[in-house]
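Asker: This is the structure I want to talk about, given as structure tokens.
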Amino acid sequence: MPVSRTTKSVLISAVLLGPVTLFGPRAAVAQVQLFPSESPSVESPTVDAPNSPDAGAVPVPAMPEMPSLSAPAGIAVEDLGGVDVEAVGALHPDDTALPVTLWSGLSRDSILALIDGVTGAGGYPAARDLVRRLLLSAASLPPKSGSDASGKILDARVSALTRLGFTTDAAALARVGATSLSGADGSASGGANGAEAEAEAQLAAFDLPAACGTAAGNSGSASPDAFWAKLLAFCQAVAGQTDQASLSAQTLADTGVEDPLYFSLMETLTLGLSAQTSGMTAKGPLHYALLRQTAAPVPDGTDDPLIRQLALQQGAGLDAMEAAAVSGQVSPDRLAEAYRAEAFKASALDAPFEVLDKISPPAARALLLQVLDRWDIPALRAEAVAVALDRARGDGVLLAVAPVFAMAAADIEPSADLLWFAETAARMFYVTGDLDRARRWHGLLRNALSISTEASESDSRLWHLAVLSGEAGPALARAASGWRDAVIAGAEDKDAGAAHADFLRAVVDAATGRTPLESDSGLRALAMAEGAMAEGGMAEGAIADRHAMGPLQARLLSLAAGQKRVGETALLAAAALDAAGTENPDPASLVTIVGALSDVGLMRESHRLALEMAVLLAPAPIPAQR
């Protein structure tokens with residue numbers, strides 16, 4: 001006899017909320033606060049801590065042996081005076097919000113097409129940070145039409161943050177959004193979807209106490225895929241109630257729920273069986289949390305970015321780790337940990353420069369970081385940094401590797417005997433945003449102008465980086481006069497040096513200042529998905545064998561910037577950067593992207609992006625004389 005949906009709900013509820021319950025009576029549930037606020041000015045929802053005397057009678061149980069996340073100091077919850085509950089923001093207090101008018105002139109469908117189309121930012125940290133802050137910023141939204149469901153744009157923002165690897169930010173936005181989507185009297189007004197998005201974001205951040213607290217508060221809610229029932233059973237298993245969790249999972253299977261990976265991993269948690277994941281499909285935050293909790297191998301072929309990141313953390317090689325760092329899925333700290341964990345023979349550590357060409361490029365960078373940590377002599381440490389950065393530039397991973405070596409080399413002090421290293425050091429600190437150290441090393445060159453022709457040329461070659469970092473003054477005017485000649489002289493290939501100087505001039509001008517229908521969401525969706533070499537051919541003016549933005553991206557970006565549509569310009573710029581990439585990109589495309597960001601008032605972001613381009617795309621220099 002077929003089991004009806006109502007019967008399934010009754011059976012599942014009876015098992016999950018029967019005599020042996022994990023969370024006790026629903027009214028007594030205390031939800032774990034996701035991010036404790038340390039600032040009295042932060043307007044975030046108040047939630048009792050589970051160990052507080054005022055918390056519910058049956059708090060959410062502590063999870064056993066569970067990794068903890070370091071939460072931000074506080075989340076600045078923004079709203080727009082009740083104009084639209086989806087318009088809330090959840091920026092960290094140290095972040096700069098984008099203007100509340102960033103979606104001006106667009107329909108809700110067009111906004112969704114842009115957000116859903118974000119998959120990366122071409123390996124440029126400045127562009128990734130811009131997209132992150134855009135998704136977290138409070139912004140006015142156009143009125144809803146009759147077909148617009150509550151929460152769609154908010155859910156898309158949370159999903160995009162998760163997709164890009166910003167899981168902690170996604171959880172914060174989901175939590176704020178779920179509160180906004182609830183009625184003032186506590187009744188749900190679209191809040192069911194918001195609560196599920198909140199729980200998924202908490203799972204993506206691997207904050208299991210918070211996710212289980214959210215599940216407990218929604219244990220009676222219906223969901224087409226039995227999401228809440230599956231999550232509650234998982235929470236029971238993690239809390240050590242394996243018999244109840246096993247019964248809950250069996251009931252789900254008996255009532256027709258199909259999810260082979262979920263049931264296999266639940267058997268691992270409840271029965272201690274070896275995890276069987278081969279040939280199964282892994283997708284979504286619940287699968288991610290189960291795989292992480294059980295340490296089971298990630299199935300091959302997953303296209304979920306969060307689970308792909310987990311696969312990297314399960315023992316991927318250094319080459320895969322570097323690739324993940326380039327795309328922003330792995331932090332500089334995590335990459336540094338992987339470098340330092342690589343094992344080398346004592347002979348390699350004693351004479352690293354003799355073995356660099358005998359090992360893989362990522363292993364060579366790992367070896368150089370380890371000797372940088374070990375050595376005390378400044379000149380030798382500087383040599384390790386210079387060689388590592390030169391190799392990273394040649395391998396196309398400079399923007400990912402530079403922060404790792406910048407952190408390790410922060411204690412190398414500028415001195416006269418390191419004059420040969422000053423340009424490299426200044427360039428490294430400019431591109432990683434440590435302007436104080438960049439200017440100290442740049443100052444070392446300026447102090448030597450009268451005694452060293454090489455110092456004068458190095459000073460001139462840093463002119464564009466100093467301008468893009470916000471420096472002003474007479475020293476820049478002197479450097480500018482010899483800048484082009486110095487750029488060309490410093491390149492091993494003089495023609496490449498001249499072409500790079502032309503690109504730098506154009507991108508600096510674009511950074512420093514030099515419409516389709518609002519309802520046309522389909523056009524924007526196509527532009528966001530457009531590849532580097534579009535079906536209709538290369539963008540006008542693109543050079544053969546160069547990676548250019550697609551022609552539709554170029555057209556929409558130009559129109560969006562001309563009409564000052566900040567949100568559309570920022571997301572189209574990210575998509576165009578993803579298309580152009582960092583390996584042999586079309587210079588005209590990059591100049592257009594930087595100019596578009598500048599045109600809509602994103603000056604800081606355009607300067608930062610131009611600075612990264614200037615450093616990343618420089619031609620091979622003449623080998624330095626040590």
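Asker: Can you compute the FRET efficiency between LEU349 and GLU583 using 1/(1 + (r/R0)^6), with r the Cβ-Cβ distance and R0 = 51 Å? Round to the nearest 0.05.
Answerer: So, using R0 = 51 Å, E works out to roughly 0.95.
Asker: Quick one: net charge around LEU602, please, counting Lys, Arg +1 and Asp, Glu -1 for every other residue with C-beta under 13 Å from its C-beta.
Answerer: Local charge sum for LEU602: +1.
Asker: Tally Lys and Arg at +1 and Asp and Glu at -1 over the other residues with C-beta under 10 Å from the C-beta of LEU399: what net charge comes out?
Answerer: 0
Asker: Could you look at the stretch 318-412 and say what percent of its accessible area is carbon and sulfur, using a 1.4 Å probe and all protein chains?
Answerer: Carbon with sulfur: 54 percent of the solvent-accessible area.
Asker: Around ALA160, under 15 Å between beta carbons, what's the net of Lys plus Arg minus Asp minus Glu among the other residues?
Answerer: Here the charged neighbours net out to -2.
Asker: As an exercise, use a Förster radius of 41 Å and the Cβ-Cβ distance of GLN314 and LYS564 to find the FRET efficiency, rounded to the nearest 0.05.
Answerer: Working from the Cβ atoms, E equals 0.35.
Asker: In nm, to one decimal, how far is the modelled label at ASP417 from the one at ALA341, with both set 7 Å along Cα→Cβ?
Answerer: Reported label-point gap for ASP417 and ALA341 is 3.7 nm.
Asker: So how do 612-621, 349-358, 226-235, 284-293 stack up, highest first, on mean other-Cβ count within 10 Å?
Answerer: 226-235, 284-293, 612-621, 349-358
Asker: Search the structure for amide H atoms under 5 Å from the amide H of HIS547, placed 1.01 Å from N in the peptide plane, and list their residues when 5 or more places away or on another chain.
Answerer: Excluding prolines and chain starts, which carry no amide H, the hits are ASP586.
Asker: Can you tell me which lysines have their Cα less than 21 Å from the Cα of LYS230? Leave out same-chain residues fewer than eight positions away.
Answerer: Those lysines meeting the cut-off are LYS8, LYS283.
Asker: On to the next question. In whole Å, how far is the Cα centre of the stretch 571-588 from that of the stretch 278-333?
Answerer: 25
Asker: Here's something else I'd like to know. So, for the stretch 370-486, what is the accessible surface per residue at a probe of 1.4 Å, expressed in square angstrom?
Answerer: About 40 Å² of surface per residue is accessible.
Asker: Given 0.36 nm per residue, what is the gain on full extension from LEU380 to ASN447 after removing their alpha carbon distance, in nm?
Answerer: Numbers: separation 67, 0.36 × 67 = 24.12 nm, distance 2.31 nm.
Difference between extended and current length: 21.8 nm.
Asker: List the lysines whose Cα lies under 18 Å from the Cα of LYS345, skipping any in the same chain that are fewer than 8 positions away.
Answerer: The qualifying lysines are LYS358.
Asker: Tell me, what is the percent relative contact order of the stretch 318-412, built from C-alpha pairs under 8 Å that lie six or more residues apart? Don't skip to the answer; put the middle values down first.
Answerer: Numbers: 86 pairs, mean separation 29.6, N = 95.
Reported as a whole number, the value is 31 percent.
Asker: Can you give me the long-range amide H partners of ALA491? Hydrogens built in the peptide plane at 1.01 Å from N, cutoff under 5 Å, separation of 5 or more residues or another chain.
Answerer: ILE622
Asker: Another question, if that's okay. For SER274 and SER145, FRET efficiency with R0 = 56 Å and r from the beta-carbon atoms, rounded to 0.05? Walk me through the intermediate numbers first.
Answerer: Numbers: r = 52 Å, r/R0 = 0.92.
For SER145 and SER274, the calculated efficiency is 0.60.
Asker: How much length would be gained if the chain were fully extended between ASP225 and SER331, taking 0.36 nm per residue of separation minus their Cα-Cα distance, in nm to one decimal?
Answerer: Taking ASP225 through SER331 to full extension adds about 34.8 nm, to one decimal.
The values are calculated or read from the model by the stated rules, or taken from the named source; none is laboratory data. Please read all numbers here as calculations on a predicted model, not as lab measurements. Because the Cβ atoms are built from the backbone with ideal geometry, glycine has one as well, and the counts that use them run over all protein chains shown. Areas reflect the complete protein model, heavy atoms only, side chains present, ligands, DNA and RNA absent. Shrake-Rupley method; radii C 1.70, N 1.55, O 1.52, S 1.80 Å.
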